[in-house]
1. Let's see if you can work this out: charge +1 on each Lys and Arg Cβ, -1 on each Asp and Glu Cβ, no other charges. What is the dipole magnitude of the chain about its Cα centre, in debye to the nearest 20?
2. For a quick check: sort Cys141, Cys237 by the number of other beta carbons within 10 angstrom, fewest at the front.
3. Can you give me the relative contact order of segment 3-319 as a percent, contacts being Cα pairs under 8 Å and 6 or more apart?
4. Report the local net charge at Leu258: Lys and Arg +1, Asp and Glu -1, summed over other residues whose C-beta lies under 15 Å from its C-beta.
5. For a footprinting-style exposure proxy, rank Ile13, Ile49 by other Cβ within 10 Å, fewest first.
6. For segment 192-321, what D do you get in µm² per second when you plug the Kirkwood radius from alpha-carbon pairs into Stokes-Einstein at 25 °C and 0.890 mPa s?
7. Most mobile of Lys28, Lys211, Lys40 per a Gaussian network model of the chain (Cα springs, under 10 Å)?
8. Give me the base-10 log of I(q)/I(0) for the chain at each q in 0.12, 0.13 Å⁻¹, Debye formula, one uniform scatterer per Cα, rounded to two decimals.
Amino acid sequence: MSQLDKGEPVFSIAIHGGAGTILPEEMKPELEEAYRQALKAAVDEGYEILAAGGSAIDAVMAATISLEDCPLFNAGRGAVFTHEGGHELDASLMNGADLAAGAVAGVTGVRNPILLAREVMLQTQHVLLAGEGAMSFARACGIPLERPEYFFTEFRHRQWTEVRQTGISVLDHSTRAQLKGAHKMGTVGAVARDQQGNLAAATSTGGMTNKQYGRVGDSPVIGAGTWADNHTCAISCTGHGELFLKAVAAYDVHARMLYGQQSLQAAMHATVHEKLVEMGGEGGMIGIDASGHVSMMFNSAGMYRASRVRNQAAVVNIYKD
């Protein structure tokens with residue numbers, strides 16, 4: 001019997017801040033510490049909501065907003081530049097209790113896209129709003145908007161200027177040496193189980209540096225980048241979005257658990273290390289099952305990630321173990 005199966009109500013949370021070519025020899029100590037502190041702050045924020053008896057939805061929202069507000073990550077404030085030199089943001093949210101979901105794609109100037117995704121879930125009959133329609137809805141809801149300079153970071157701008165005349169796209173933390181032939185993306189996300197046994201998942205991204213106007217990856221697509229169902233798991237993905245879309249990656253884990261009776265660990269391994277690898281898809285995902293067990297897997301060199309389980313301290317990692 002695991003520690004999670006004993007006594008008190010189980011609650012747990014996991015977050016990610018993107019996956020890709022993340023190597024210790026290319027990370028300055030002060031930057032690594034900044035990433036670790038930001039990941040810990042986000043996972044602790046979500047955990048405190050769970051510890052106080054709050055909902056999984058509120059926990060993943062809080063953790064994701066914390067990551068969106070941090071310029072280190074490719075979501076919200078730290079979003080990468082598109083080919084046109086702007087920012088197009090995507091986000092999605094799903095409630096495992098009733099499969100309610102909301103998502104937005106291609107929004108501009110929205111401080112926290114995950115807040116807009118929640119409004120889509122709560123106030124509309126739809127799941128996904130995109131482009132100007134999503135922006136009109138944001139203004140109607142009073143969602144906080146920011147001017148373009150809010151999203152400007154020197155690193156993202158420098159990264160964009162290095163590749164804007166090429167056809168390549170890069171992850172927010174790729175170095176110059178990695179640019180040639182790189183096709184990566186960064187994302188943030190969170191999954192949680194609350195004390196009532198409900199699961200939730202959230203994902204938010206700025207997409208690919210130098211991406212084509214209107215490009216949408218897996219992050220705002222329910223079943224591809226995000227999934228939550230109390231019967232099985234909550235999943236948030238990060239990686240090469242086109243391949244995660246084709247793999248229906250988040251739902252694939254759910255299906256392996258539901259129909260194949262696989263554990264979360266086995267299902268995620270099959271999706272990340274077998275299915276996606278065979279397709280040429282690089283990246284990873286975080287997951288929590290109906291019992292509150294956490295799994296975090298990736299087939300890339302690293303993934304920014306953190307987790308916290310009831311009555312335990314936060315665990316923060318960046319590189320392969």
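1. 360 debye
2. The most exposed by this proxy come first: Cys141, Cys237.
3. Relative contact order here is 26 percent.
4. Once positives and negatives cancel, what remains is -2.
5. Listed from fewest to most nearby Cβ atoms, that is Ile49, Ile13.
6. Here the translational diffusion coefficient equals 166 µm²/s.
7. Most flexible of the set in this elastic network: Lys28.
8. Log-scaled intensity ratios, in q order: -0.70, -0.83.
Read-outs throughout are calculated quantities, based only on the coordinates presented, and are distinct from any laboratory measurement. Note that the structure is predicted; figures quoted are calculated from it, not measured. All Cβ positions, even for glycine, are placed from backbone atoms using ideal geometry, and neighbour counts span all protein chains on display.
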